[in-house]
Amino acid sequence: MRENKGMSLVELLITVAILAIVIVTAGAFMTTSSRSFAKGSADSDVQDEAELAVNQIEDLIIDVNGGVSMTDDSAKMEFLLYHAEDTNGTTVYKKRTVTWNKASGDMECSEWNMAYDSTAGDYVENGPAVYEKQLLADNVTNFEVDLSDTITEKGAAKDGSDLTIVRSVSIRVDCEDGTGAAAYATSPIITLRNRMMLGNNAREIFETTPTADTTLQLYISNDTVATAVPIIDRVTSVDRTGVYNIFAMVNLGSCVNDQVDWEIGEADSLSVINADGVLSVGEYEPNDYLTITAKYKSNPNKKATGVVKVLGSAKTLGVSITTKSLLPFHPQYGSLIDAPDYTEEEKANLQYQWTVSEPERVESFTDNGKGLELNVKKEAGNYGVYITITLLVTSPDTGQRASDSVVYRIDNEYVMDGDSYMMRGYEGHTGYGDLAWFTFEVPFWTDSVDWEYYFCDEHGNRISAYDNLLQYVLINTSTGGHEYWLTFTKDLPPDRAFFIKVLCTYHNIHNVRHPDLGYVYEDVTYERIHEIAAVKIYGQTTHVQNVSLYGGFNFYYNLIGYYGLAWRNEPYVFEYSVEELVYDAPEGVVVTCIAAGAEARADSENDKNHGLIQAFGSFECNQEKWMVNDQVTLKSAKIKIYMRDYPNICSYATVIFD
């Protein structure tokens, strides 16, 4: 029998079926791969588009030295940039825009030169655009510019007003591929190289912001221009009482001092620079850095600036307004001077000037130099109004100035007594007539009253987050009357001020008899807002005569916002550390200073809320005192006092051994 060769029909069908499965599978795989590749390519294109747009915008922003602003409406978003640059000795003003058209999705940039138009009184576009509507990206679905990272420069504008300066810019650009199949967003933060204003007023920007001029640089020398070196901002140093020559140099070689005007940027500086560029650093210069600027006389917008560091210790002057009494409509204030390096004569020569923000609300104004008493008009329009009280202290000896301000809230009607004892750590005094006892002046009798109290802001709005601090409030109220006693334990956080509101609601108040209804009853609420000042410590300079290793010495602090006798509590709330002891002694003799406990004093009851703290110091020596006492000369000691749990609340007292 002959064998049959070839495939049967069944075998052929099976082979075809298997081949079909393989072809379909391979086709599906190839289709998926193709789609993945296409999507990856689209994603990459969209990412490149967004990143390219962001990079181009970043290039526009990073070197801008003028101003920026952002506008947004239904049709477009526009980012505006003003810039000034030096071109061959001529200042060129520019305006650039980045515009996102929301309907088309196109993002475009444009640039114009600007020039001052005396007729318009402003900077306007000068001629045709340098370039206009240059495409940065298409299919943009979102464009955001965050200009919120700013600081305020007080009085920095040409007219003396404040400027808002942008420190960094965050931008976001969202793109897609036109079909919605691929999208990408990028939002870098751009740190600026130059000082840049927030605003769109071209004249204000160009007349306030300096033009960058890399050809002009400031040099400094103790002698001539030949020995001058470049000023490196915040690194180059000068000494208080020192005299230096400052040179404005062009192209690192030519001195142009005869073509520039000089100025020091710090308004309170006690240093001077004359027309020749000679800088004389003040003995009492209060600033740690001085900003020196040279401006071309022919074009003040062209200038160079250098910042030098001031070395050497300077005398410090500080002042704090203290509350002596807050009787309704009759506040009384005192002052504390913080001048640890001042002599007694310099302190005695200080000049005091008090001002009130709304003098029309004040009936009388008694200024006795270190203190102030006001009589406020008791009128309905004044109830609950805030007035600002400012004290300016000036030293004719050093030229230094210091100021402090407090806000006084005029009481509501029917408030009696005052807030003299609104401080922490005053407990245990509950007798009627005590300074922590307060009264409402009630013009009628009632037999029922409800009390409520809570922490609030200065306007009386409740701060619920402070409800947990009510445990540190001690209040006793009269059930049928109109008095309450209020103090605060020493556990109330001392590092910030608080306001507390007390409300007294009277029920069943007999009003005028109605002819038909008889007596009509109503509820009336009276309120008072108390201020609890933040704790502050102020050291006093003390001069002690004829002190030896055997003898101790007293030194003093002033305390605000904390009852002085809290010093006697265990554990102690306050602690000392001796920061520096200056003395002359033979080699090998080591003297140390020990600061001991304190005693609270006050000249009167009303002064206890800024009580005088008297502390005690003594000396120890590594050798027998009787052997070296005559060979040791004590000069001064600097002693720090601080709150144990709040070390940032601190001060220093300097004791000078005459």
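The values are calculated or read from the model by the stated rules, or taken from the named source; none is laboratory data. Predicted model only: the values in this text are computed from it and were never measured. Ideal geometry is used to build each Cβ from the backbone, glycine not excepted, and the neighbour counts take in all protein chains shown.
For region 208-242, the candidate set comprises residues that are within 27 Å of the chain's Cα centre (by Cα) and within 30 Å of residue 121 (Cβ to Cβ); within that set, the residue that is modelled with the lowest pLDDT is 210. The listed residues are 570, 522, and the only one of them that is modelled with pLDDT under 80 and more than 28 Å from residue 477 (Cα to Cα) turns out to be 570.
Restricting attention to region 249-287, the residues that are more than 26 Å from residue 402 (Cα to Cα), modelled with pLDDT under 90 and of a type in the set (A, V, I, L, M, F, W, C) total 5.
Restricting attention to region 402-441 and to residues that are part of a loop (DSSP other than H, G, I, E, B) and acidic (Asp, Glu), the residue that is modelled with the highest pLDDT turns out to be 411. What about residue 110, is it assigned by TED's automatic domain parsing to the domain that holds residue 54 and part of a strand (DSSP E or B)? Here the answer is yes, as residue 110 does meet what is asked. Residues in region 344-360 that are free of Cβ contacts under 8 Å to residues at least 60 places away in the same chain and either assigned to a loop (DSSP other than H, G, I, E, B) or surrounded by fewer than 15 Cβ atoms within 10 Å (Cβ to Cβ) (or both): 345, 348, 349, 350, 351, 353, 357, 358, 359, 360. If only residues of region 169-197 that are modelled with pLDDT of 80 or more and surrounded by fewer than 17 Cβ atoms within 10 Å (Cβ to Cβ) are counted, the one that is nearest to residue 75 (Cα to Cα) is 172. Looking across 296, 284, one residue alone is among the aromatic types (Phe, Trp, Tyr) and either free of Cβ contacts under 8 Å to residues at least 12 places away in the same chain or more than 28 Å from residue 352 (Cα to Cα) (or both). It is 296.
Which pairs have Cβ atoms under 8 Å, sit 6 or more apart or on different chains, and link a residue in region 241-266 that is closer than 15 Å to residue 296 by Cα to one that is assigned to a helix (DSSP H, G or I) and modelled with pLDDT of 90 or more? Matching pairs, first to second residue: 247/257; 248/257.
Restricted to region 53-76, and to residues that are within 19 Å of residue 139 (Cα to Cα) and among the β-branched types (Val, Ile, Thr), which residue is surrounded by the most Cβ atoms within 10 Å (Cβ to Cβ)? Working first, answer last.
The initial filter retains those residues of region 53-76 that are within 19 Å of residue 139 (Cα to Cα), namely 53-57, 72-76.
Checking which are among the β-branched types (Val, Ile, Thr) leaves us with 54, 57.
Details: 54: 21, 57: 25.
Top of the filtered list is 57.
When residue 42 is tested against (1) modelled with pLDDT under 70; (2) more than 21 Å from residue 172 (Cβ to Cβ), only condition (2) is not met. Criterion applied to 312, 369, 334 was being closer than 24 Å to residue 650 by Cβ, loosely packed, with under 14 Cβ neighbours inside 10 Å and not polar (S, T, N, Q), and the one residue passing it is 312.
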